[in-house]
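Enquirer: Okay, here's the structure, questions in a sec.
The values are calculated or read from the model by the stated rules, or taken from the named source; none is laboratory data. The structure presented is a predicted model; accordingly, all values stated were derived computationally and were not measured. Methodologically, a virtual Cβ is constructed for each residue, glycine included, from the backbone with ideal geometry; neighbour enumeration extends over all protein chains shown. Accessible surface is based on the protein model in full, side chains and every heavy atom, while ligands, DNA and RNA are left aside. Shrake-Rupley method; radii C 1.70, N 1.55, O 1.52, S 1.80 Å.
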Amino acid sequence: MQAQDALIRELAVIVGTGSVLYREEDLISYECDGYVIHKQPPRAVVFPATTEEVSQVVKLLHRRKIPFIPRGAGTGLSGGAAPLGGEVIISLVKMKKLLHVDWENRLAVVQPGFVNLKLTNSVASKGYYYAPDPSSQYACTIGGNVAENAGGAHCLKYGVTTNHVLGMELVLANGEIVEIGGVPDAPGYDLMGLLTGSEGTLAIVTKITVRILKNPEDKKTVLAYFDSVEDASHAVSDIIAIGIVPAALEMMDKTAIEGVEAGNYPVGHPPGLQALLLIEVDGISAGIEDQIEEILKVCKQRNVIQVKVAENEQERAQWWANRKTAFPAMGAISPDYLVQDGVIPRSRLPEVLEKVEEISKRSGLRIANVFHAGDGNLHPLILFDARKPGETELAARVGSEVLKVCADVGGSITGEHGVGIEKQEEMRFIFTEEEIQAQTQIRSVFNPENLLNPDKLFPKPSRCAEVRKAVGHL
Amino acid sequence: MVLTALDQLFAEEQIQVVPGEFHPLGNNGQWIAYPDSEKQISTILQYANEHGLKVVPMGGGTKRGFGGTEEQADLLLSLSRHRGIVEYSKGDLTITVKAGTTMKEIGDYLKMNKQMLPIDPAWPEFATIGGVVAANDSGPKRLRYGSARDLLIGLRLIYPNGQVIRTGGKVVKNVAGYDMNKLFVGSMGTLAVISELTLKLRPCPAYKSLAILAFPDGDWQAIRSFATAILDSQIEPVSLEVLSPSLNERLHGMREYGLVIAFEDVEKAVQYQVEWLKRHLPKNASLSVLSQDEADLWWDRFARISPKGAHPGSAEDQEIGLKVGSKNLDAIEVVSFCHQLGQELQAEVIVHGGAGHGISRAYVKGEESKLLPFVQAVRSHAESRGGYAVVQHAPLSLRQKVDVWGEKPAYFPLLEGIKRTVDPHSVLNPKRFIGGI
């Protein structure tokens, strides 16, 4: 315990005694993030208030060879910010300022702990917003968004976090502070692109410059009800095929609708629906009416039961609240649920949903499907009861099976939630050993001692890789 | 001969000795290889890696004058026979193509299906998609559609050791593992040879218009305030490109500053935005509008203003191209600075810059004694405002006298570390990239 006490003392010298947690009871809420299946306590949690403090903390930990994990709001869904045991968590929630808005150049500079939705709220008065809008945007931080390359409902048209980050200040694994980006296409390899979505394994982001966008002149939102998932899926493909790029194109199936209607933001969807689509078109007002007409036509051709356009902002907001709280709403119809995050080519939607249904039947676990249908990003919610022995493990297995289905049709194992600890093994569904190694080699350039968020994101080396490595060391 | 082993594996015409004459752009090879499959690329690289050969990958040759201080490497690796569309998924708005496919070929193919790859680089009939991505080329429309880094979703690469490595995937949204695609965009072929690329597409817009505003010479502040007003409005231009009077004259016959504003949307939305411009037109400015095919033709001409590198028929050995990166609106000042500098140096300069995206390009013709000071002056102007200037085209003799990339950044050891990890024997494009990578 002596060494630990010395460490805590040294950390406290840097950040102040009030900014270090180390007592067992204080560490409990840091045992996991939004991925609650895995829990391990960290060694301590520190709350630096400045980049300089982050750098000092990292230098200390680097010197002592103690692994560390950067953490934002802890809303991540794949365990990226969860300790594997004994790491020091560097929480960035005290670094939560909006540093600067440059209206003319349409950019904002924020600290990593600044909450996503606060950015949009801060620039709304002049008609601007920040585009990436993960469902957890009221709580999640922009630093965390960068780590996960977060998406959201509106990334179909506007892209994900990586398309909106213009510059970063970083603290490297050895404590060095560097600035990257700032102007477009900075000469050199695109480190900013590499860092975004690296799940806190390459560096700690301490300042972020992001693009802010002007609100579209107009937007219209359509709600369409279907009595077959297949019809709804075809409607999605048809909308894309006629040349419309909606701002958002969301789908929920029967079980998901049951969930959201039992949750805190029911809309009053009619009973017995098999699927609904939430479609939003935005842009120049003069052009929207025609696009809405075409969308309504497509829905009718695909046997829509009922289709309506939101009459006012209040109705639109209600529909979106219903959709965006779909995950927590599952709590109303199931004691526990596991969110999955697969991606498929959107043209394969009907066939994949059929296979997911088969998996559900075979396993006996209900699966609710909520997803960003426009870009083929599925969020199957696997409903289970953790009190029943073995059901948690079964849910995890079912999740993995669903990802295998996605991978097999040419898709991916994660579209926006990240790999973390949850999907490390599933990385093998889509990458070969050599391809994984190509990535871990890049990690070694930034994080040679694997101290920064160690043993995340990649599967454990397979036996043959270990043998190769051993031979290489002879 | 060193390449005997390869000779046996390839048809005779696939590996040839390069005629001994000096190429003014350098980046030449003793031999030139024309692999037509991924397997052949891999064989060549593996051989080069094992035998300490230096390899210069090449697409259409439009970027032959971009980077590099060597006259000749061992092997020029032409991707010109590694071309074609591998997989097109219309419903998913994605396409997979081989690296040697020209931008025009891709564009024509997609047009039949009412879709497009929204990258608008120079010389689309010569430039290959592999080269465009490796050199990170882009055009004015990146304002709305993004650049290569925003559209690329997957790669098949041949690493210098011959391994085939896939990065990314074939779906439009994907965060599995590191976003390795990004490493290769703009890497100047220094890490791996790109074999195939998967890219996001967009539907062709239903209607297109191009508004060209002309402002009297010297009045760039008026352009700045108008561009600011547009950016702060809710209209959605696809380009907001400022042209120097010399460029505007060449393309449009008016020796005045130009502001090129494209709209691509459904017809009603396009018309509305053109009307908006008319309503808000600044006092001294004149406006002309081109629509549909006329607009396309204008962009075709625009794509031909830069040096076309090694392509036959080009005699630009005393021409240079500069790419300047700045904050968005600073691009206007960059255009005006380059234009005035050209007048001072009495050099022929054409310049354009994106007021909404911060990339400007200047092409200068003249004697070496004018070109060098031009680069230096533009660079220090850009750097003093937090930007950079990169020489994207110059004859070899000039590249040996001026640092193409500018000063190394503070984080250079990371860039060097990446190179060392992926290409430890420095097989690919040695000394072609920043800091001598």
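Enquirer: From the residues in region A:361-390 that are surrounded by fewer than 18 Cβ atoms within 10 Å (Cβ to Cβ) and not small (Gly, Ala, Ser), which one is nearest to A:Lys254 (Cα to Cα)?
Expert: Looking at residues that are surrounded by fewer than 18 Cβ atoms within 10 Å (Cβ to Cβ) and not small (Gly, Ala, Ser), I get A:Lys361.
Enquirer: Which members of region A:336-351 meet the condition of being open to solvent by 10 Å² or more (accessible area, probe 1.4 Å) and either within 7 Å of another protein chain (Cβ to nearest Cβ) or in a loop (DSSP other than H, G, I, E, B) (or both)?
Expert: Residues satisfying the conditions are A:Pro345, A:Arg346, A:Ser347.
Residue-wise test of (1) in contact with a helix residue (DSSP H, G or I) (Cβ under 9 Å, 6 or more places away or on another chain); (2) over 19 Å from B:Gly358 (Cβ atoms).
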position	(1), (2)
A:Gly127	no, yes
A:Pro134	yes, yes
A:Gln137	yes, yes
A:Cys140	yes, yes
A:Val146	yes, yes
A:Gly151	yes, yes
A:His154	no, yes
A:Thr162	yes, no
A:Gly167	yes, no
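Enquirer: Which of the helices (runs of 4 or more DSSP H) found entirely inside region A:410-474 contain at least 2 residues meeting this: under 30 Å from A:Glu351 (Cα atoms) and modelled with pLDDT of 95 or more?
Expert: Result: A:427-430, A:433-446.
Enquirer: Still on this structure, I have one more. All but one of (1) outside any loop (DSSP other than H, G, I, E, B); (2) touching a residue at least 60 places away in the same chain (Cβ under 8 Å); (3) closer than 24 Å to B:Glu125 by Cα hold for B:Asn49; state the number of the condition that does not hold.
Expert: B:Asn49 satisfies all of (1) outside any loop (DSSP other than H, G, I, E, B); (2) touching a residue at least 60 places away in the same chain (Cβ under 8 Å); (3) closer than 24 Å to B:Glu125 by Cα except (3).
Enquirer: Can you report the number of residues in region B:405-436 which are within 11 Å of another protein chain (Cβ to nearest Cβ), open to solvent by less than 10 Å² (accessible area, probe 1.4 Å), in a loop (DSSP other than H, G, I, E, B) and in contact (Cβ under 8 Å) with a residue 40 or more places away in the chain?
Expert: Result for region B:405-436: 1.
Enquirer: Go through (1) open to solvent by less than 10 Å² (accessible area, probe 1.4 Å); (2) within 16 Å of B:Leu155 (Cα to Cα); (3) of a type in the set (A, V, I, L, M, F, W, C) and name the single condition B:Ile85 misses.
Expert: Among (1) open to solvent by less than 10 Å² (accessible area, probe 1.4 Å); (2) within 16 Å of B:Leu155 (Cα to Cα); (3) of a type in the set (A, V, I, L, M, F, W, C), the lone unmet condition for B:Ile85 is (1).
Enquirer: Same structure again: Here are the criteria: (1) surrounded by fewer than 21 Cβ atoms within 10 Å (Cβ to Cβ); (2) modelled with pLDDT of 95 or more; (3) within 18 Å of B:Val260 (Cβ to Cβ). Tell me which single one B:Arg202 does not satisfy.
Expert: Status for B:Arg202: all satisfied but (3).
Enquirer: Something else now. For region B:318-350, which residues satisfy the criterion of being modelled with pLDDT of 95 or more, under 24 Å from B:Gln400 (Cα atoms) and of a type in the set (Gly, Ala, Ser)?
Expert: Hits for region B:318-350 are B:Gly321, B:Gly325, B:Gly342.
Enquirer: Yes or no: region A:194-204 includes at least one residue that is open to solvent by 10 Å² or more (accessible area, probe 1.4 Å) and either charged (D, E, K, R) or over 17 Å from the mean Cα position of the chain (by Cα) (or both).
Expert: no
Enquirer: Which of the residues belonging to region B:182-212 are part of a strand (DSSP E or B) and either hydroxyl-bearing (Ser, Thr, Tyr) or out of contact with any strand residue (DSSP E or B) (no Cβ under 8 Å at 6 or more places or on another chain) (or both)?
Expert: B:Ser195, B:Thr198, B:Tyr207, B:Ser209, listed by residue number.
Enquirer: So in region B:163-180, with the set limited to residues that are in contact with a Leu (Cβ under 8 Å, 6 or more places away or on another chain) and open to solvent by 10 Å² or more (accessible area, probe 1.4 Å), which one is farthest from B:Val260 (Cα to Cα)?
Expert: Going through the qualifying residues, I end up with B:Val164.
Enquirer: Which pairs turn up if I take residues in region B:217-230 that are surrounded by fewer than 17 Cβ atoms within 10 Å (Cβ to Cβ) and look for partners that are among the aliphatic types (A, V, I, L, M) with beta carbon separation below 9 Å, at least 6 apart in sequence or on another chain?
Expert: What qualifies is B:Asp219/B:Ala285; B:Gln221/B:Ile332.
Enquirer: Restricting the search to region A:212-237, which residues are of a type in the set (Asp, Glu) and within 9 Å of chain B (Cβ to nearest Cβ)?
Expert: A:Glu217, A:Asp218
Enquirer: Right, something else. Could you list all residues from region A:382-396 that are modelled with pLDDT of 95 or more and within 30 Å of B:Ile153 (Cα to Cα)?
Expert: A:Ile382
Enquirer: Is region A:411-428 home to any residue that is among the hydroxyl-bearing types (Ser, Thr, Tyr), open to solvent by 20 Å² or more (accessible area, probe 1.4 Å) and not assigned by TED's automatic domain parsing to the domain that holds A:Ala241?
Expert: no
Enquirer: Out of the residues in region B:250-268 that are part of a helix (DSSP H, G or I) and in contact (Cβ under 8 Å) with a residue 60 or more places away in the chain, state the one that is farthest from the other protein chains (Cβ to nearest Cβ).
Expert: Only one residue fits best here, namely B:Arg250.
Enquirer: Does B:Lys401 satisfy being at the interface with chain A (Cβ under 9 Å from one of its Cβ atoms), open to solvent by 20 Å² or more (accessible area, probe 1.4 Å) and assigned to a loop (DSSP other than H, G, I, E, B)?
Expert: No; evaluated as a whole, the condition is false for this residue.
Enquirer: Any residue at all in region B:319-327 that is in a strand (DSSP E or B), within 19 Å of the chain's Cα centre (by Cα), charged (D, E, K, R) and surrounded by fewer than 24 Cβ atoms within 10 Å (Cβ to Cβ)?
Expert: yes
Enquirer: Across region A:99-125, which residue is farthest from the other protein chains (Cβ to nearest Cβ) among those that are in a strand (DSSP E or B) and open to solvent by 60 Å² or more (accessible area, probe 1.4 Å)?
Expert: Step by step, filter region A:99-125, then rank; the result is A:Leu99.
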